[in-house]
Amino acid sequence: MTIEEQYVDGLFQKDEVLERIRQATVAAGMPDIAVADGYGRLLTMLVSMNGVSKALEIGALGGYSGVCIARGLQEGGSLTCLELLPNFAQVAKENVTEAGFGDVIQYIVGDAKASLQQLVEQGERYQFFFIDADKEGYPVYLEYALKLAEPGALIIADNILLRGRTVNENKQGPAVQAVRAFNQTIANDPRLSSTVLPGYDGLAIAIVKG
Ligand code: DHB
Ligand code: MG
């Protein structure tokens with residue numbers, strides 16, 4: 001983290017609930033890669049500002065971002081989380097239940113592309129998407145989000161800088177190439193109105209035009 005990011009994070013009181021989830025996630029042997037605290041706050045704000053009642057997250061990890069999203073939902077709203085690994089989904093479910101969101105957040109375990117295809121076939125629609133799973137999948141996840149989006153929906157994606165690999169010409173692996181393509185679509189697709197924040201590991205924010 002930069003010294004400026006540390007300064008900004010230091011302005012805020014520690015969030016006991018989120019801090020506990022970060023610790024429990026690491027204690028469960030999962031990587032310490034939950035979304036940055038500042039972006040977690042932004043997720044809550046964006047969900048709340050847009051009056052979201054149906055949200056979809058791709059990549060649950062230990063439930064940190066799930067709680068951030070759930071905190072902003074309208075009364076009676078719901079968050080569906082797609083998670084590849086059953087043990088990650090189990091840890092996330094325990095963490096979000098302890099945080100008081102067990103009834104709000106549901107998990108669908110398995111390959112997200114298959115789950116997304118099923119949600120399309122079921123005619124589901126969402127007002128908010130958070131993409132934070134395998135980076136190679138980002139372009140496909142974005143297309144599915146567009147299929148599942150209500151007009152005016154928000155699509156957010158974490159880690160679009162890949163710790164600098166995105167802007168390093170020597171890096172040409174599949175994840176880097178996929179994220180570069182994803183970023184180009186975010187910036188240029190006529191179906192979207194977007195911005196990209198370069199702080200922390202980069203966050204894409206797009207509105208699906210109505
Ligand atoms: C990393 C961070 C993330 O937030 C993520 O979703 C995947 C990987 C990382 O820093 O390696
Ligand atoms: Mg991430």
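Expressed as a whole percentage, what fraction of the accessible surface of the stretch 3-208 belongs to carbon and sulfur atoms when a 1.4 Å probe is rolled over the protein heavy atoms?
Carbon with sulfur: 52 percent of the solvent-accessible area.
I'd like to check one number: the per residue accessible area of the chain, probe 1.4 Å, reported in Å² as a whole number.
Normalised by residue count, the accessible surface of the chain is 49 Å².
Evaluate the charge dipole of the chain about its Cα centre and quote only its size in Debye, nearest 20, assuming +1 on the Cβ of each Lys and Arg and -1 on the Cβ of each Asp and Glu.
For the chain, the charge dipole is close to 420 debye.
Heavy atoms only, probe 1.4 angstrom, no DNA, RNA or ligands counted: give me LYS147, LYS171 ranked by accessible area, highest first.
Largest to smallest exposure gives the sequence LYS147, LYS171.
What is the chain's relative contact order, in percent, from Cα pairs under 8 angstrom and six or more apart in sequence? Intermediate values should be presented prior to the final figure.
Values: 377 pairs, mean separation 34.9, N = 210.
Relative CO of the chain lands at 17 percent.
In the chain, if the dipole is taken from +1 on Lys/Arg beta carbons and -1 on Asp/Glu beta carbons about the Cα centre, which of GLY77, PRO151, TYR126 is farthest to the positive end?
Positive-end residue among those listed: PRO151.
Among LEU11, LEU82, LEU161, determine the one that fluctuates most according to a GNM of the chain built with springs between C-alpha atoms less than 10 Å apart.
The residue that fluctuates most here is LEU11.
Any idea of MET49's accessible area? Nearest 10 Å², probe 1.4 Å.
For MET49, solvent-accessible area is about 140 Å².
Report, by chain and number, residues whose modeled amide H sits under 5 Å from the one on SER78, excluding near sequence neighbours (fewer than 5 apart, same chain).
Residues meeting the criterion, in which the H sits 1.01 Å from N, are LYS54, ALA55.
Just for the Cα atoms in the chain, what are the lengths along the principal axes, largest first, rounded to whole Å?
Largest first, the chain extends 45, 40, 32 Å along its Cα principal axes.
The values are calculated or read from the model by the stated rules, or taken from the named source; none is laboratory data. Keep in mind that this is a model prediction, so the values were computed, not measured. Neighbour counts are summed over all protein chains in view; Cβ atoms, including those assigned to glycine, are modelled from backbone coordinates with ideal geometry. Please note that ligands, DNA and RNA were not included when accessible areas were found on the heavy atoms of the full protein model with its side chains. Shrake-Rupley method; radii C 1.70, N 1.55, O 1.52, S 1.80 Å.
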